[in-house]
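Okay, structure first, notes after.
The values are calculated or read from the model by the stated rules, or taken from the named source; none is laboratory data. Since we're looking at a predicted model, the values are computed, not measured. No Cβ is skipped: glycine too gets one built from the backbone with ideal geometry, and neighbour counts run over all protein chains shown. Each accessible area value is taken on the protein alone, full model and side chains, heavy atoms only, with ligands, DNA and RNA left out. Shrake-Rupley method; radii C 1.70, N 1.55, O 1.52, S 1.80 Å.
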Amino acid sequence: MPNPLDQLAQRIADLEDSLPELSRSSRLAYSSVDDGALTVTAGGTVRAVIGQQPDGTTAVNVINGPTPPVPSPPVVTPALGGVLAVWDGTFAGGSPAPLDLGRIEVHASPTAGFTPGQATLVTTVESPQGGSVLVPTGQPVWVLLMARSTSGRASAPSGAAQAGPAKVVADSVLAGIIGELALADDAVTAAKVAAGAIDADAIAAAAVTAAKLGAAAVTAGKIAPDAVGKGTIAADSVTAREVVAGTISTRELAAGAVTTTQLAAGAVTTTQLAAGSVTAGQLAAGAVTTPTIAAGAITTAQLAADSVAAGTIAAGAITGREIKALAITADKLAVNSITADKLAAGAVTATSLAADAIDGKTIKGVTVIGSTVQTGLTGRRVLLSPESPEGDNAPSVSFYSGDTREKVPAEITAYVAPNPAGIASVTRVTSPQLTDNGTHTPSVFLSAGSPADGYSPAGVWSLDATGGWTAGAANLYGTAGTGTDEFTEARVQTEVYRTDTNKPAVHILSPSSWKVQLADQVAAMYLSKSGLLVKALVGTVEVQSSAVQLTGCNLMLTHGARITTDDAWITPVFQNGCSQLAGWQRVQFKRLPHGFAALRGIVAIPAAMTGGVIFNISAASGCRPLVGEVFAGASATNVGANVFVYPSGDVVLTNATGGLGGWLSFGSLQWSCVD
């Protein structure tokens, strides 16, 4: 039977033999990463993510790598169509090529000292051993290089070198290399053809057509005898200039060939005409004109009745001497033919005017005294009167709407009225009256008060604002009254604005209530016959009582009070891949009654995110700060991170010193929304 001590000693020996082998083998030989990634860090900074990436792909993603060294300046030489840039694969100061080198960028610009960017990037050298690339250009350019790592970091630019494209000369072109297909359209012009280069043998048969001949290119010396026959003469090509004098006789003329249009002016004279050959039937219409009639040849006896009409009388031919007395009556005068400048002074008297002869269109610059002026007798019209319709001695303007329900028209009346301090000027504006009496007719009275009482006599409203407020506007509202006093429901509203935020404050005064609403304050206050009512600008805070007592700095509410609040939490819309961390406090914000905003909850952050917008606080919520705020956030890895809250509403993660471990807690943050 084996000894237990011997068995224990053997097992210890076996374990000692296996320890060296275990220390030399990989601890991850049979390990795997399921649906995740390994993060490689150096000095607290993430350098690579191995495995599943934020976009769902699986790869080795190198990030936050070191800045690569500056490459050596390129060597640039002229080339056909551009310049040739050569990089020898070395770096400035003899630095070795980095292991994370991605490529060498080639930048070019015609401007010296340019800043490389996306617009100047021409091509890249992909091998760390160097290489040459062609930079296409038609002008001299400066060329420099930049190294780019696989994590996207760029080196500083190298020194720049300049060169221009090479010119094309005859020595650069091999004999016979340029064929017919290598020539561009219209490349060979007349100036490129040597004299005598094209002879008769070089012209194809029928290649020269009439369209190819220039004007006057064929002269008489180029035409063979009898080459031009009857069939080769174009119509109308032979004119009188080509006919020799005396060659055409009467025998050559066809019957009827010579007509009146062929006769020259003056060719036929009186001596050529037979006696009695010209009768009235031979005279063309209009052939006999005034210059052809002898002086005194036509007398009254030769004129037919009514042969002289208005169209045949020259302008100015008939004067007063030719007009018979009483020959011109009223029916012979054209409309508007007699104007004021045609009448003698005093020619038109009152007895000469017909009834209703003067209407509104003929009155200019007159003064109507002791009467009313109106635009019509019925319907919609305007009436100007020295006395108001109420019968008082005040000038007024009445506006009739034309509506059948109108009892009294709208009015504008001006007068001076007595008041306890003396007198005051008053302008009254009254709306149309629709009831049997004027109790429910709105009216507005504008008055500056009395000079004797210290009021301005200018008749204007004034509004002064101090303490950071600027004057806005003063508005007067007339409302329907319920009593006999015209001023019972008069209402005055004034508005002033903050000089720093341009936010308004509104003051409304009336006999039954007053209201003051201040911008950037918690509530607006209403004081009426039922008590004091306070309403919050955001949410609802309502305090109501039938009695108010103010003693020193204490506001006492008696006979019951009521306070209500409404401040619901708002869930934001996340950005940049952020989301709600499942199973934990929801990320929400809301406005508090005392003018502050609160933010709570825990947000899920993507693994590679170290900064960016998490969400935006809507302007309608009233939770945005007036100035920026910054807070500390807690993370799963206890890595330091800040949360910025901007007036624009952006809630931003920034200054993270490393990976957050998947989540960030806001805790319970608060900031002011009113100052």
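Within segment 584-607, does at least one residue satisfy the condition of being assigned to a strand (DSSP E or B), at pLDDT below 85 and either under 35 Å from the mean Cα position of the chain (by Cα) or over 28 Å from THR57 (Cα atoms) (or both)?
no
Of the numbered conditions (1) open to solvent by 70 Å² or more (accessible area, probe 1.4 Å); (2) modelled with pLDDT under 75, ILE223 satisfies every one except a single condition; which is it?
(2)
Can you name the residue in segment 199-220 that is at pLDDT 75 or above and not in a loop (DSSP other than H, G, I, E, B) and is also surrounded by the fewest Cβ atoms within 10 Å (Cβ to Cβ) among such residues?
ALA211
Within segment 371-384, can one find any residue that is crowded, with 16+ Cβ neighbours inside 10 Å and either of a type outside the set (Val, Ile, Thr) or at pLDDT 70 or above (or both)?
Yes: one or more hits.
Hey, does segment 271-286 have a residue that's surrounded by 10 or more Cβ atoms within 10 Å (Cβ to Cβ) and within 30 Å of THR312 (Cβ to Cβ)? Spell out how you get there, then give the answer.
First, pick out the residues of segment 271-286 that are surrounded by 10 or more Cβ atoms within 10 Å (Cβ to Cβ): 273, 278, 283.
Now drop any that are not within 30 Å of THR312 (Cβ to Cβ), which leaves 278, 283.
Within segment 271-286, one or more residues are surrounded by 10 or more Cβ atoms within 10 Å (Cβ to Cβ) and within 30 Å of THR312 (Cβ to Cβ).
So is ALA656 touching a Pro at 6+ places or on another chain (Cβ under 6 Å) and crowded, with 16+ Cβ neighbours inside 10 Å or not?
no
Would you check which residues across segment 416-441 are in a strand (DSSP E or B), farther than 18 Å from GLU387 by Cα and at pLDDT 65 or above and list them?
PRO418, ILE423, ALA424, GLN433, listed by residue number.
Based on what the data block shows, is PHE631 out of contact with any Leu (no Cβ under 9 Å at 6 or more places or on another chain) and either in a strand (DSSP E or B) or free of Cβ contacts under 8 Å to residues at least 60 places away in the same chain (or both)?
no
Looking at this structure, is PHE644 assigned to a strand (DSSP E or B) and within 30 Å of ALA42 (Cβ to Cβ)?
The answer is yes for PHE644.
Hey, any hits in segment 591-612 for a residue that's touching a Cys at 6+ places or on another chain (Cβ under 7 Å), surrounded by 14 or more Cβ atoms within 10 Å (Cβ to Cβ), over 30 Å from ASP55 (Cβ atoms) and of a type in the set (D, E, K, R)?
Yes, the conditions are met somewhere in segment 591-612.
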